[in-house]
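Enquirer: Encoded as structure tokens, here's the structure I'll be asking about.
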Amino acid sequence: MINDSLKQLSAALAAKQISSVELASLYLGRIATHNARLNAFITVDREKTLAEARSADARRAAGETGAMLGIPIAHKDIFCTDGWRTTCGSKMLSNFVAPYDASIIGKFKQAGMVSLGKTNMDEFAMGSSNETSFFGAVKNPWDENAVPGGSSGGSAAAVAARLAPAATGTDTGGSIRQPASLCGISGLKPTYGICSRYGMIAFASSLDQAGPMAPSAEDCALLMNVMAGFDERDSTSLEREQEDYARDLDKPLSGLKIGLPKEFFAEGLSAEVAQKIDGAIAEYRKLGAQTVEVSLPNMGLSVPVYYVLAPAEASSNLSRFDGVRYGYRTAEYRDLLDMYEKTRAEGFGAEVKRRIMIGTYVLSHGYYDAYYLQAQKIRRLIAADFAAAFKQCDVILGPTAPTPAFNSGEKASDPVAMYLSDIYTIAVNLAGLPGMSIPCGFSASGRPIGLQLIGNLFSEARLLNVAHQYQLQSDWHLRRPTGL
Ligand code: GLN
């Protein structure tokens, strides 16, 4: 049962082959056995989880039949969850118990999904390896010497190790897709504005987007049906008609035009990854798709642009952590200013401080025009590149990350090398587009490799269709790490 898809779990619950309490206990048992080693969860609360499961069972007994009713899910610790500690991977919030639910948490509860706990993450979602968490690094279940990717590394590791059937993540520059790729699972970053950001602790508000992480595209579609939708409490939430994200899963791919951006297959891409991507392209041709070369000429500027804009927004968003209203406060201080300084010096880790300093710098008088404004202009050009490419193709295909999972510690002291892990994912956030990563093979050393699919605005159902058709032909998404 631990390897069942969400659809299978849903059927088992509906047929009363298992109760939600039994299912939740099964996963809680696996967390108890394996989490000490993997460190995928920051907070687990058996009693709270079982209470939610009992309530799901009661709702079913009373006649409710929702597709996700009673299915357990793990949540990235960036989502405020009423009554649960919500840390964002930081010492700054290590004692913070959220007094309310983020919108998407509320939606999952309404659907009757049961929270298994809060997953580990890079501090304030800044990182690509899950090594910046105040609560320690997460291990990749495929190889404990490898990082799981970041910042949603705890969610990716939990799903890959089957400590949870599915999880939530957030993606500002690649944090759903890159860890999905490194852990051999599927993950979708929706179009900006599709999933509410209310109650999701802000990193870079114009880029942050929540999305599903699960073994398969089909699972992701079912989760999207719960988490997507307009929310008046988020001013950037889009008011659109409710969609069924699973509606196109079974559509054949004949006639599909896949764009291959030449910039994705250039220098910097590991030969092993390139080979697996080529294999997937061959599979898509067999499924009736055609390929066309496209170009994203400004792609090379996406990492530098992101590292101006994301820190600028972060420096502003993180100013609220001052020790006054909630979270960590330094023990001893002379006066208010001293309290602010010590609280922030002690509460934030090195990567977060680096971003705050970069962000404050690029927003300051004299540098604003030179950096921030220029970056905004290039962001626009990057979006225009994608718009031009989508005149020639339906979806864009390429690698998710330039390499399979790297070793723990390998890039920890070289921020620029770490930033380049997101070279293929960041442009998608800058353009506000949906992007997805699905497993497409393994390296010679047995580490997963992911393939990225990028769609035009609001094309989630199409992306999920393209991913699902590949998953009907391949079994990469069904492989499991050994010994777990
Ligand atoms: N790795 C990128 C960063 O550190 C992206 C993180 C994210 O998507 N949250 O900013």
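The values are calculated or read from the model by the stated rules, or taken from the named source; none is laboratory data. All of these numbers come straight from a predicted model, not from anything done at the bench. Cβ placement follows ideal geometry from the backbone for every residue including glycine, while neighbour counts extend to all protein chains displayed. Please note that ligands, DNA and RNA were not included when accessible areas were found on the heavy atoms of the full protein model with its side chains. Shrake-Rupley method; radii C 1.70, N 1.55, O 1.52, S 1.80 Å.
Enquirer: Provide Rg and Dmax in Å for the stretch 330-450, with only Cα atoms included in the calculation.
Expert: Rg then Dmax for the stretch 330-450, in Å: 20.0, 63.
Enquirer: Would you compute, from DSSP H runs of 4+ residues alone, the mean residue ellipticity of the chain at 222 nm, taking -39500 (n - 2.57) per run and dividing by the full residue count, rounded to the nearest 500? Each step should come with its number before you reach the end.
Expert: Values: 15 runs with 177 residues, N = 484.
Dividing the helical sum by the residues of the chain leaves -11500 deg cm²/dmol.
Enquirer: Please report, in whole Å³, the volume per residue of the convex hull around the C-alpha atoms of the stretch 189-229. Write out the running numbers ahead of the final one.
Expert: Working: hull volume 2.9 nm³, N = 41.
Taking the convex hull of the Cα positions in the stretch 189-229, it is 72 Å³ per residue.
Enquirer: Right, something else. Count neighbours as other Cβ atoms within 10 Å of each site's Cβ, and list the trypsin sites (Lys or Arg not before Pro) in the stretch 352-450 that are DSSP loop with at most 12 such neighbours.
Expert: Numbers: sites: K353, R354, R355, K377, R379, R380, K391, K411; in loops: K391, K411.
Hits after loop and neighbour filter: K391.
Enquirer: Seen from all sides and averaged, what is the projected area of the convex hull of the Cα atoms in the stretch 1-121, in nm²? Walk me through the numbers before you get to the answer.
Expert: On the way: hull surface 29.2 nm².
If I average the Cα hull's projected area over directions, I get 7.3 nm².
Enquirer: Also, quick follow-up: Mind ordering 217-230, 7-20, 238-251 by average Cβ neighbours within 10 Å, highest first?
Expert: Numbers: 217-230: 24.2, 7-20: 16.4, 238-251: 14.6.
With the highest mean Cβ count within 10 Å placed first, the list reads 217-230, 7-20, 238-251.
Enquirer: Can I ask one more? If you bin every alpha carbon distance in the stretch 170-309 into 5 Å steps from zero, what whole percent lands in each bin?
Expert: That works out to 2, 8, 13, 17, 20, 19, 13, 6, 2, 0, in percent per bin.
Enquirer: Can I ask one more? On average over all directions, what projected area in square nanometres does the stretch 84-214 have, based on the convex hull of its Cα atoms?
Expert: Details: hull surface 28.6 nm².
So the Cα hull casts an average projection of 7.1 nm².
Enquirer: Send over a whole-number figure in Å² for the accessible area per residue of the stretch 326-443, probe 1.4 Å. Can you show the working numbers first?
Expert: Details: 5460 Å² over 118 residues.
Dividing the accessible area of the stretch 326-443 by its residue count gives 46 Å².
Enquirer: Of all GluC sites (Glu not before Pro) in the stretch 11-106, which ones are in loop regions per DSSP and have a Cβ with at most 14 other Cβ atoms within 10 Å? Intermediate values should be presented prior to the final figure.
Expert: Working: sites: E22, E47, E52, E64; in loops: E64.
Qualifying residues, ordered by number: E64.
Enquirer: Here's another thing I want to ask about it. Can you give the charge dipole size of the chain about its Cα centre, rounded to the nearest 20 debye, using +1 on the beta carbon of Lys and Arg and -1 on the beta carbon of Asp and Glu? Walk me through the numbers before you get to the answer.
Expert: Details: 47 positive and 50 negative charges, 82 e Å.
Dipole of the chain, to the nearest 20 debye: 400 debye.
Enquirer: Can I ask one more? How far, in nm, would the chain grow between S413 and Q392 when pulled straight, counting 0.36 nm per residue and subtracting the alpha carbon separation? Walk me through the numbers before you get to the answer.
Expert: On the way: separation 21, 0.36 × 21 = 7.56 nm, distance 4.11 nm.
Fully extending the segment from S413 to Q392 adds 3.5 nm.
Enquirer: Next question, about the same structure. With a Cα-only, solvent-free Debye model of the stretch 260-322, what are the log10 I(q)/I(0) values at q = 0.15, 0.25 Å⁻¹?
Expert: One equal scatterer on each Cα of the stretch 260-322 leads to -0.68, -1.07.
Enquirer: Based on Cα positions only, what radius of gyration and what Dmax would you give for the stretch 289-344, in angstroms?
Expert: Spelled out, the Cα radius of gyration and Dmax of the stretch 289-344 are 20.9, 68 Å.
Enquirer: If you don't mind, there's one more thing I want to ask. Quick one: work out Rg over Rh on the C-alpha atoms of the chain, Rh as Kirkwood radius.
Expert: Details: Rg = 21.1 Å, Rh = 22.2 Å.
Result: Rg/Rh = 0.95.
Enquirer: So which GluC sites (Glu not before Pro) in the stretch 302-402 pass both tests, a DSSP loop state and at most 14 other Cβ atoms within 10 Å of the Cβ?
Expert: Details: sites: E313, E332, E341, E346, E351; in loops: E332.
Of the GluC sites (Glu not before Pro), the ones in loops of the stretch 302-402 whose Cβ has at most 14 other Cβ atoms within 10 Å are E332.
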